[in-house]
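Asks: Next up is a structure, given as structure tokens.
Every number here is computed from the coordinates shown, using simple stated rules; none is lab data. All figures in this text were calculated on a predicted structure; none of them were measured in a lab. Positions of Cβ are backbone-derived with ideal geometry, glycine not excepted, and every protein chain shown enters the neighbour counts.
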């Protein structure tokens, strides 16, 4: 089931990658939400061909677990 979608605008510093854990950690340098600035965001990552999928850890929101997904596609020129 798809719940409401929230969009955040965050400028990220370079990634720290951990291949053994399949995670990427990014540090927010700027954000529309002041509480996000300089916070570290740890995401699980998976590569598949030209696709990169990033997934957040589980969070409790109003009594149920939620995770966010970001999927990017490489564009060939």
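Asks: Under 19 Å from the 7 Å Cα→Cβ point of residue 69, by amide nitrogen: which residues of region 13-46?
Replies: Of the residues in region 13-46, 22-24, 42-46 have backbone N under 19 Å from the label point off residue 69.
Asks: To continue, here is another question. Measure off 7 Å from each Cα along the Cα-to-Cβ vector at residue 61 and residue 35, then give the distance between these two points in nanometres to one decimal.
Replies: 1.3
Asks: Can you tell me the Rg and Dmax of region 10-73, counting just the alpha carbons, in angstroms?
Replies: My reading of the Cα-based Rg and Dmax gives 12.8, 36 Å.
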